[in-house]
1. What distance in nm separates the two pseudo spin-label positions at GLN45 and GLN286, each 7 Å out from Cα along the beta-carbon direction?
2. So with the 1.4 Å probe, I'd like the accessible area per residue for region 124-209, rounded to whole Å².
3. Over region 31-86, what relative contact order in percent results from Cα pairs under 8 Å that are six or more residues apart?
4. Would you list which aspartates and glutamates come within 19 Å of LYS185, measuring only between C-alpha atoms, while excluding same-chain residues fewer than 8 positions from it?
5. I'm spelling it out carefully: the read-out is Rg and Dmax of the Cα atoms in Å, the candidates are (i) 19.3, 57; (ii) 21.7, 69; (iii) 21.3, 61, and one was derived from this structure. Which label?
6. Could you derive backbone 3J(HN,Hα) for region 181-193 from the dihedral phi with the Karplus parameters 6.51, -1.76 and 1.60 (θ = phi - 60°), listing whole Hz in sequence and x where the residue is Gly or Pro?
7. Which net charge results for the neighbourhood of PRO163, defined as the other residues with beta-carbon distances under 14 angstrom from its beta-carbon, given Lys and Arg at +1 and Asp and Glu at -1?
8. Going through the DSSP H helices of the chain, which span 24 Å or more along their own axis at the Cα atoms while scoring at least 0.0 as a mean Kyte-Doolittle hydropathy?
Amino acid sequence: AIFTMHGPSSLSLLAVFLCFFPFLSLPLVFGLGIVTGGIYTDVPQSFASNASAIICEFQQLGVSHIRIEASWADTSPGVYQTIVQTAHSSGIAVIVLVNAAYCGNDTDSSQIDAFISSYIANLNSLVNNVFVGNSGVEALEIVNEPNVAVDQCGNGNTLRVSPNAFAWLLRRVYQWKQANGRPEKIISGAILDTYLTESYWPAFFGSGAFFGFQGSRPYDYFGIHPYNLFSLDENCINSNAGGDASSCFDPWAQSILSGVQDVKNAADAAAGVSDTMLFATEFGLQVSLTGSCPAVSTCVLSGLQQAAGMKAAVQALSSSGVVH
């Protein structure tokens, strides 16, 4: 599982938890990692100027892998290559998120094909010009949170990648991997939350990219972001401002546990397999800057609460038996 770095409090929290979990480095294993965010260049203490110091700190924390995003504004291939090489020299694996947005119709195969062709052309460029040679990476994540609505196409908020288009994107990317003998693991773009009642899920798993290829899943790992915002009791958290609020996180942790297991079973059924493993490529809790938490969020009031919540979530994920 990877946990988002939201600033010093999260980084300190990670150090606390890494004391309790044994990790291996390469290849990817269950452990804790860090989402680096957009700190590649043009920010204080960026990777461009401080890669060695940043990776050294990650190594001291016991981080097993980091997640970086390709094609970030003003980030040169050289900066990415330095990040990867420095991480590898410290035994840290690297996942590269390759994001995209689809603005076409979810039932128009010609539009979907054009989108996929463009995406794969970008993958080819990345693995042949940026993440190549001693800058090769362990995994590629195919899109970020496709089920989230964003204003990306100039016509208001739409799904980042609609469900049928996303399923076919995964299928064709996995075929690309196999046809070219690519060593990178393919992680399906992590879907936000584990609520299978959301309309995105049946449309996604009901795509011909699944039922037309029974016995074959279109990824090595199924990506998930199990924030499960609607299951976190913010009233309880707000009412326990002075303590760790540990009991507040029990129902939320249970929703994460059962949620990832349900997703695994649904993915198995859709692909006609029994060996799907999930990879949580992003996750975390944020400490409020205002002294209170809104109703639907992943908000806590203190580092103490953050530690209690993250401990409950890590235990849920690691005990689920389905998270890599």
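1. The modelled label-to-label distance comes out at 1.9 nm.
2. For region 124-209, the solvent-accessible area averages 37 Å² per residue.
3. 48
4. Partners found: GLU69, GLU138, GLU141, GLU145, ASP220, ASP268, ASP275, GLU282.
5. (i)
6. Listing the rounded values in order: x, 5, x, 5, 6, 9, 10, 4, x, 5, 7, 6, 6 Hz.
7. Values: positive: ARG160, ARG171; negative: ASP106, ASP108, GLU145, GLU198.
It works out to a net charge of -2.
8. Long hydrophobic helices here: 109-129.
The values are calculated or read from the model by the stated rules, or taken from the named source; none is laboratory data. Small disclaimer: the values here were computed from a predicted structure and weren't measured. Heads up, the Cβs are rebuilt from the backbone with ideal geometry, glycines too, and the neighbour counts pull from every protein chain shown. Ligands, DNA and RNA are stripped out before the accessible areas are found, and what is left, the full protein with its side chains, is counted by its heavy atoms. Shrake-Rupley method; radii C 1.70, N 1.55, O 1.52, S 1.80 Å.
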